[in-house]
Structures are given as C-alpha cells and as structure tokens.
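The next block holds one structure in the form of structure tokens; read it before the comments.
The values are calculated or read from the model by the stated rules, or taken from the named source; none is laboratory data. If you're wondering where the values come from, they're calculated on a predicted model, not measured in any experiment. Counting neighbours? That spans all protein chains shown, and the Cβs are built from the backbone with ideal geometry, glycine included.
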Amino acid sequence: MAGQLETYTTMRDKGATPEPFGAKKRRPRKTQPRFVVQEHHATALHWDFRLERDGVLVSWAVPKGPPVDPKTNHLAVHTEDHPLDYFDFEGEIPKGQYGGGKVILWDRGTYDEEEWSDTKVKVVLHGERLTGEYVLFKTKGKNWMMHRVDPPQDPAYEPMPEDLVPMLATTASDLPPRQRDWAFEFKWDGVRAIVYIDGGRARAQSRNLLDITGSYPELRALGEAAGSRRLVLDGELVVFDAQGRSDFGLLQQRMKLTGDAVRRLMTQYPVTYLVFDVLYADGRNTMPLPYAERRTILDGLDLNGAHWQTPPYFPGEGTAVRQASIDRGFEGIMAKRLDAAYYPGKRVDHWRKVKNVRRQEMVVGGWTRGEGARAGHLGSLLIGYYDEQGRLRYAGHVGTGFTSKTLLDLEKELKPLARKDSPFADPVPTSYAKKSTYVDPVLVAEIEFTEWTRDGKLRHPSFKGLRYDKPATDVVREEPA
Ligand code: MN
C-alpha cells in the first residue's frame, strides 16, 4: 500500500471538478499523522475514511459510516489514494463527474498507528466526533471491514431497538377534560410506519412488522438527509388529495406495489411520511421520556423535506384543533398526554383518537352477488369483528363505497378464499344467507359508518378500501358496546 496518486489523477478531469490535485507536498516527518472522514452524497451516500501515510491519504469508502458499537462491523471499500490536500476538501463535485455530489467534512483529527500491513490497519483516532481504537481488516479484494475495538464512546449508549410495534390509541367520543395536560394533533388517514434510519439508510416497517421500504422509495431521500444520525421514528405514510387531506383510498393505489410499478405511480400518487414521534435518537432510547420531551427532540431534528414532514402539535388546544379538523374535512384528531411515555405494541388510554366520522376496520367473512346494474358482480360484503372470546361477530353487510375497480379487485381477492360454512359466530340473516358466498376471514376492510346499532351492527356502512397492514385477528370493536 505504497502511496500512489496516478489512479486518483486518471479518474478525474482537472478542469471539471473542484477537487485538489496534490499541490501540497509531503508534510515534515515526526508530525502526528492525521485522519479525515468526509460525508459524500454521491449516487450512494457513504463516508470516506482517510489516513495520512507516506505522503498520501490512504482511503476507504464506508457505506454506513464508521461503526459506533463494537458489536456491528461495517463494510469499508478500499479506494484509490488521495492527495494530502484532500484533507481540507469539502464542496460540490459536479453531476456527471466521478463521485458527483456533495462532500462534507464530517470529522478530522490525528491518529496513532498501532499496526499496518496490506491486510490489517489498526489505529487509535483522536478526532472531534471519533475517538478510540479502530481496526480495518481485508476480507476479499477491495472489501475490508471496519471494526470499533473500544466500547461505544458514549457511556450511556444504547443499541438501536428493532421490530417495534407502534403504540396504539383508544377511541374516545369527545375531547379529554383538562386539555392543558394534552397535546392535540390532526389524525392522518394512511398507513402507520416505524422508520429506522442508520448509516444514511431508511427502512420502514408496518404495524405487523412487514418491511414496506420497497413500496415507498420516497423514504430513500429521508435516510440521506439524516446523514450519520441514527433514528427510530413513528409516523404515518399518506397521500394527500387536491384539498390537502390525507386520503387512504389514494394511498391504496400504492400499497401493494414494488419496483417499476411503484416508480410509475410515484408522480401520480406521491407519498409523504408524517413524523409524529421519535423512539430512539443517536444512542438514546427516548421511549421512557414524556411525550412533550420526545416532541422537543423530534422538532430539533428538523425533519422537513419533499416527502417527509413533522406536522405541528398543539398543547392544550383541543377545541380549536378539533374545529379546524372538521372545517378541513379531516378524519379526526389525536389527543396525547404530554407527560406519558411510549409503550410499543400497547393500546393506551393516554393516546386517544377523536373522530369526526366514525371508521373502523372489519373482517370480510363473505359476499353476496349483486343485482340490477351489478348483476353478476359483487353486491355487498358480509363483515364482522372479533370479540373478547375470539369469536367472529357478524356486524352487517356493506354495499356502497365501491368503485368499478375496487369491485373487480375484491372479486379477485375473494374467489380463492371461498368456503362452505359461515365463519361468523352469529347467524347471518336468512335473506342474505341464501345469496351469500362465505370466505376464510383473512381480508380486512376499512369501513366508514354513522353509529353502532343496539344489536351490534354498523349503521350506514360504506367501504373505504382493503387494508394489508393488519392481521384480521387483530380486528376488534373499537368503541365498546
Ligand atoms: Mn467518496
């Protein structure tokens, strides 16, 4: 690994990039060797780790950045030696040039060399961000691994949690008394998602812990914008309609798609991630903190970009927020106690949803054939929910709210699920039973309605869409009888 700048020079066009070309000569011996880390927003974000040695900067590109925890090693791709004056370089490499994109000085300092061979480099770093012992070892070809030898720098460091199930709200019919103890927010009509950001990469998980990153390429830029921050966020993925309302029906166009199909619909139905909570930030589990403190941390992250926003919250202002949500035709509002911690996977009373229109998920247990204009097609869905004993209770049938597209989609989904017997614990009224086809109760539909009847049916139900983010067995009656 003797210092060579030929590769560096042949890879770059002197007239077209602001990068330095090695005017600076070797520094006097006996000075402490230096290291630099540059955050490089190239086609793929990475951190360039460079060590001054033999008159050049020996370099590795580390896609996820230097590891903070000895338990996790990061890939480090050995790259061409860079000239010494690259030590101070920061700026914009023009698009189309080699490594096009922004370069930010991320850390600088000196290092002690402990070991140096063609396959292993062990150093102790004395930087502003990075201090401690690191080892780089060659695995195959240009690929090396970067390992932190010392314990995490921060003595209070906690590893990033995994597989968090979002905390859920209970349904309330009215605002809580003592509004000053609560924060109020608009309720968004989309898909809940926990987003994990590490090494500039964002990964999204749904309520049922499915990885849904591939369906929402918009999140890629959020990861890059977060840079080296390590975050776990809670929020809602939404599509806005022309009036600025989040519209679950529009989001449905995107939900099950991946790959090229997503890219085709990204312009038509762009998705925004609305972030309303932070569960982990840079080595700190924030879930035990009161909501007010978590919000302060979240607002400090300034997560506002083309496809992600931190919507405002309004402590103490329930009446005004509720009226604004009605005026704007929103689904409802959320009330969150300012002093309450975050309990993943729990449905808690200190988060409450107060809806303007009533809505809830229902399990599809069968369907009837249509009549008149819909003859030969689907007429209505038989719907129900699980009670405390785990029985599927019949809650009526829904025959409106379908578009010709959702009718066809539903028929396609329902046909393979057909079965002979009713999945409901209650008898289905004979007028429907005769023309019904029963199905395995696995599909979950979002239903809007006016109220629950005394005998446990939905009045004026209207179909809003199918949900793919929750298991049917989780569907319960949200408002107690
Ligand atoms: Mn680079």
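Scoring Ala202 on the criteria (1) in the same structural domain as Tyr343 (by TED's automatic domain parsing); (2) in contact (Cβ under 8 Å) with a residue 60 or more places away in the chain; (3) of a type outside the set (S, T, N, Q) leaves a single failure, condition (2). Can you confirm whether the stretch 36-50 contains a residue that is in contact (Cβ under 8 Å) with a residue 24 or more places away in the chain and away from the ligand (no atom under 13 Å from the Cβ)? Looking through the stretch 36-50, none of the residues is in contact (Cβ under 8 Å) with a residue 24 or more places away in the chain and away from the ligand (no atom under 13 Å from the Cβ).
Screening the candidates Ala76, Ala61, Ala23 for the property of being among the hydrophobic types (A, V, I, L, M, F, W, C) and modelled with pLDDT under 95 yields one hit, Ala23.
Restricting the first member to the stretch 395-419 and to residues that are in the same structural domain as Glu446 (by TED's automatic domain parsing), and the second to residues that are of a type outside the set (A, V, I, L, M) and part of a helix (DSSP H, G or I), the beta-carbon pairs closer than 7 Å and six or more apart or on different chains are His397/Tyr432.
When Ser431 is tested against the conditions (1) within 33 Å of the chain's Cα centre (by Cα); (2) not in a loop (DSSP other than H, G, I, E, B), the lone failure is (1).
Taking into account only those residues within the stretch 311-324 that are in contact with a helix residue (DSSP H, G or I) (Cβ under 8 Å, 6 or more places away or on another chain) and not in a loop (DSSP other than H, G, I, E, B), which is surrounded by the fewest Cβ atoms within 10 Å (Cβ to Cβ)? Can you show your working first?
Residues of the stretch 311-324 that are in contact with a helix residue (DSSP H, G or I) (Cβ under 8 Å, 6 or more places away or on another chain), as a first pass: 313-319.
With the extra rule that they be not in a loop (DSSP other than H, G, I, E, B), the set shrinks to 314-315, 318-319.
On the way: Phe314: 16, Pro315: 16, Gly318: 22, Thr319: 11.
Out of the qualifying residues, it is Thr319.
In the stretch 387-419, how many are polar (S, T, N, Q), part of a helix (DSSP H, G or I) and closer than 23 Å to Thr430 by Cβ? Before the answer, list the steps.
We begin by selecting, within the stretch 387-419, every residue polar (S, T, N, Q); these are 389, 400, 403-404, 406.
Next, only the ones that are part of a helix (DSSP H, G or I) stay: 404, 406.
With closer than 23 Å to Thr430 by Cβ added as a condition, the list becomes none.
Matching residues across the stretch 387-419 total 0.
Output the number of residues of the stretch 76-95 satisfying the condition of being within 14 Å of the ligand (Cβ to nearest atom), surrounded by fewer than 20 Cβ atoms within 10 Å (Cβ to Cβ) and under 29 Å from the mean Cα position of the chain (by Cα). Within the stretch 76-95, residues that are within 14 Å of the ligand (Cβ to nearest atom), surrounded by fewer than 20 Cβ atoms within 10 Å (Cβ to Cβ) and under 29 Å from the mean Cα position of the chain (by Cα) number 2. Within the stretch 51-68, is even one residue more than 16 Å from the ligand (Cβ to nearest atom), under 30 Å from the mean Cα position of the chain (by Cα) and in contact (Cβ under 8 Å) with a residue 12 or more places away in the chain? Within the stretch 51-68, one or more residues are more than 16 Å from the ligand (Cβ to nearest atom), under 30 Å from the mean Cα position of the chain (by Cα) and in contact (Cβ under 8 Å) with a residue 12 or more places away in the chain. Of the set (1) in a loop (DSSP other than H, G, I, E, B); (2) in the same structural domain as Trp60 (by TED's automatic domain parsing), all apply to Val124 but (1).
When Gly99 is tested against (1) at negative phi; (2) surrounded by 13 or more Cβ atoms within 10 Å (Cβ to Cβ), only condition (1) is not met. When the residues of the stretch 201-253 are narrowed to those that are among the basic types (Lys, Arg) and assigned to a strand (DSSP E or B), which ends up surrounded by the most Cβ atoms within 10 Å (Cβ to Cβ)? By that ranking, first place goes to Arg201. Among all positions in the stretch 96-115, there is at least one residue which is more than 13 Å from the ligand (Cβ to nearest atom), in the same structural domain as Arg50 (by TED's automatic domain parsing) and not in a strand (DSSP E or B). Here Asn73 meets each of (1) over 30 Å from Leu210 (Cβ atoms); (2) away from the ligand (no atom under 16 Å from the Cβ); (3) polar (S, T, N, Q) with one exception, condition (1). Note on the stretch 287-310: residues that are in contact (Cβ under 8 Å) with a residue 40 or more places away in the chain and either surrounded by fewer than 19 Cβ atoms within 10 Å (Cβ to Cβ) or in a loop (DSSP other than H, G, I, E, B) (or both) amount to 10. Provide a single number: the residues in the stretch 152-197 that are touching a Leu at 6+ places or on another chain (Cβ under 8 Å), farther than 20 Å from Arg358 by Cβ and surrounded by 14 or more Cβ atoms within 10 Å (Cβ to Cβ). Total satisfying the criteria: 12.
Checked against the criteria, Val442 counts as more than 16 Å from Arg359 (Cβ to Cβ), part of a loop (DSSP other than H, G, I, E, B) and within 32 Å of the chain's Cα centre (by Cα).
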